[in-house]
Each structure stands twice: as structure tokens, then as C-alpha cells.
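Asker: For reference, the structure I am asking about is given below.
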Amino acid sequence: MTMGRITFYEDRNFQGRSYECMSDCGDMSSYLSRCHSCRVESGCFMVYDRTNYMGNQYFMRRGEYADYMSMFGMRDCIRSCRMIPMHRGQFRMRIYERENFGGQMHEMMDDCDNMMDRYRMSNCMSCHVMDGHWLMYEQPNYRGRMMYMRPGEYRSFRDMGWSGMRFMSMKRIMDM
């Protein structure tokens with residue numbers, strides 16, 4: 001399994017104190033008081049603007065983010081991060097129109113840029129990720145706010161704190 005590595009810097013353009021991370025970190029405040037740039041050496045990460053993997057989520061793959069706040073339109077610094085394990089093999093997810101796996105159901109094995117066009121589904125309120133790691137997006141064509149989904153059952157997006165969000169596109173997180 002390939003290990004991921006991300007380095008966070010207090011200031012823009014990789015300046016100031018830094019903190020290197022190779023796994024999940026629920027609260028970066030004990031390492032850095034603020035974070036305004038980062039460099040992903042390897043792997044993929046979800047970063048969050050609140051501690052304990054809460055708040056807005058952003059996907060980062062290998063590359064340099066000299067001023068990610070303006071790049072992503074973030075108002076707050078990164079406060080926590082989660083390494084995304086690379087998945088080899090098939091991807092499978094069931095999406096449901098209503099909470100608790102109710103209503104219309106569709107099984108997905110590949111990316112979907114527009115749920116409404118493909119499935120005639122105007123809403124997705126629960127899902128079951130069987131295989132792989134996925135990103136779900138608020139708007140078609142992989143735009144808007146996103147949510148990272150790892151294998152497991154998600155019975156109610158509303159109960160998870162995403163009450164106003166509707167997911168309209170989904171993408172597999174694949175090895176680059």
C-alpha cells in the first residue's frame with residue numbers, strides 16, 4: 001500500500017513553520033496555529049476546515065498548493081486531514097433517493113457526471129459504498145461542495161450534517 005504524505009505550512013508559498021503528515025490528523029492546532037499552503041508529496045487527502053473531519057471538505061492530490069484558500073475559495077484554514085487509501089479493484093456504490101435506503105435505488109460502478117440525466121433522480125439522500133472510495137458533489141459535472149465517502153452505510157446525509165446538500169454527481173477516487 002502506497003503511503004501518502006502531505007506537508008502543511010503556516011504561510012502562503014510554503015513559508016513559516018511546517019508539519020508533515022502521513023496519516024489522518026483530527027486536529028492540526030497542536031502542530032500549527034494556522035495553515036495557508038501545503039504540498040502533497042504522494043497519495044490523496046481530504047482536508048477539512050474544521051477539526052475532527054468536519055466542515056467543508058476539499059480533495060487534494062499530488063501537487064503544490066501555494067495559496068489553497070484563494071484557489072478553493074476557502075474562508076478558513078485547514079484544521080484536519082484524512083489520508084485516502086488507494087483502492088485497487090472494482091468500485092461499487094448504491095445510491096438511494098430517500099433516507100434509510102428508501103425510494104429509487106441505482107448501483108454505480110463508474111463516475112456519474114449528472115445523476116438527473118443518467119438516472120432521472122433529482123435527489124440522493126442515502127447510499128451504501130461497497131467497494132472503493134468516492135467523492136460526491138453538490139452540482140453536476142463534479143462541481144460545488146464535495147463529500148468523501150469511504151466503504152460503509154450512510155443512512156441519512158441530513159443526520160450527518162449535510163441537510164441542505166443535494167448530490168448531483170459522483171466520481172471514483174482512483175490511483176493517478
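Asker: Can you report the number of residues in region 112-121 which are open to solvent by 40 Å² or more (accessible area, probe 1.4 Å) and either aliphatic (A, V, I, L, M) or touching a residue at least 24 places away in the same chain (Cβ under 8 Å) (or both)? Explain how you work it out, then say what you get.
Answerer: The first filter runs over region 112-121 and keeps only residues open to solvent by 40 Å² or more (accessible area, probe 1.4 Å), leaving 113, 116-118, 120.
Those still in the list that are either aliphatic (A, V, I, L, M) or touching a residue at least 24 places away in the same chain (Cβ under 8 Å) (or both) too: 113, 116.
Going through region 112-121 one residue at a time, the tally reaches 2.
Asker: If you don't mind, there's one more thing I want to ask. Go through region 147-166 and give me each residue that's at pLDDT below 90 and either surrounded by fewer than 17 Cβ atoms within 10 Å (Cβ to Cβ) or under 26 Å from residue 71 (Cβ atoms) (or both). Lay out the reasoning, then the answer.
Answerer: Taking region 147-166 and keeping what is at pLDDT below 90, we get 157-166.
Once the filter is applied, which keeps residues that are at pLDDT below 90 and either surrounded by fewer than 17 Cβ atoms within 10 Å (Cβ to Cβ) or under 26 Å from residue 71 (Cβ atoms) (or both), region 147-166 yields 158, 159, 160, 161, 162, 163, 164, 165, 166.
Asker: Starting from residues that are part of a loop (DSSP other than H, G, I, E, B) and among the hydrophobic types (A, V, I, L, M, F, W, C), keep the ones in region 1-23 and report whichever is nearest to residue 68 (Cα to Cα).
Answerer: Taking region 1-23 and keeping what is part of a loop (DSSP other than H, G, I, E, B), we get 1-4, 22-23.
Restricting the remaining residues to those that are among the hydrophobic types (A, V, I, L, M, F, W, C) gives 1, 3, 22.
Values: 1: 28, 3: 22, 22: 19 Å.
My answer is 22.
Asker: Out of the residues in region 94-110 that are farther than 11 Å from residue 170 by Cβ and among the acidic types (Asp, Glu), state the one that is most open to solvent (accessible area, probe 1.4 Å).
Answerer: Top of the filtered list is 107.
Asker: Look through region 62-73, keep the residues that are within 14 Å of residue 6 (Cβ to Cβ) and within 16 Å of the chain's Cα centre (by Cα), and return whichever of them is surrounded by the most Cβ atoms within 10 Å (Cβ to Cβ).
Answerer: 68
Asker: Could you give every pair whose Cβ atoms fall below 6 Å, whose first residue belongs to region 152-175 and is over 17 Å from residue 92 (Cα atoms), and whose second residue is surrounded by 12 or more Cβ atoms within 10 Å (Cβ to Cβ) and charged (D, E, K, R), counting only separations of at least 6 or pairs across chains?
Answerer: 156/99; 165/138
Asker: Quick one: residue 59 ticks every box in (1) touching a Lys or Arg at 6+ places or on another chain (Cβ under 6 Å); (2) in a strand (DSSP E or B); (3) among the hydrophobic types (A, V, I, L, M, F, W, C); (4) within 28 Å of residue 164 (Cα to Cα) bar one, so which box is it?
Answerer: It is condition (1) that residue 59 fails.
Asker: I'd like to verify a number: residues in region 74-93 that are assigned to a loop (DSSP other than H, G, I, E, B), within 27 Å of residue 121 (Cβ to Cβ) and either at pLDDT 95 or above or open to solvent by 70 Å² or more (accessible area, probe 1.4 Å) (or both), how many?
Answerer: Pass one, region 74-93, residues assigned to a loop (DSSP other than H, G, I, E, B): 74-79, 85-91.
Imposing the further condition that a residue be within 27 Å of residue 121 (Cβ to Cβ) reduces the set to 87, 89-91.
Applying the additional criterion that residues be either at pLDDT 95 or above or open to solvent by 70 Å² or more (accessible area, probe 1.4 Å) (or both) yields 90-91.
Selection size over region 74-93: 2.
Asker: Here is a follow-up. Enumerate the strands (runs of 3 or more DSSP E) found wholly within region 103-176, keeping only those where 2 or more residues are touching an Asp or Glu at 6+ places or on another chain (Cβ under 6 Å).
Answerer: Values: elements: 126-131, 134-139, 143-149, 152-154, 169-172.
By residue number, 126-131, 143-149, 169-172.
Asker: Within the bounds of region 26-39, is there any residue that is closer than 20 Å to residue 86 by Cα, touching a residue at least 24 places away in the same chain (Cβ under 8 Å), open to solvent by 50 Å² or more (accessible area, probe 1.4 Å) and part of a loop (DSSP other than H, G, I, E, B)?
Answerer: No: zero hits.
Asker: Applying the selection to region 155-167, what residues are of a type outside the set (Lys, Arg) and more than 22 Å from residue 60 (Cβ to Cβ)? I'd like the intermediate steps shown before the answer.
Answerer: So the first thing to find is which residues in region 155-167 are of a type outside the set (Lys, Arg), and the list is 156-157, 159-165, 167.
Selection gives 156, 157, 159, 163, 164.
Asker: For region 36-73, what are the residues that are hydrophobic (A, V, I, L, M, F, W, C), at pLDDT below 90 and over 16 Å from residue 148 (Cβ atoms)?
Answerer: Within region 36-73, 69, 71 qualify.
The values are calculated or read from the model by the stated rules, or taken from the named source; none is laboratory data. It should be emphasised that the depicted structure is a prediction, and the values quoted were computed from it without experimental measurement. Positions of Cβ are generated from backbone atoms using ideal geometry, with glycine treated the same way; all protein chains shown enter the neighbour counts. Ligands, DNA and RNA are excluded from the accessible area calculation, which covers all protein heavy atoms including side chains. Shrake-Rupley method; radii C 1.70, N 1.55, O 1.52, S 1.80 Å.
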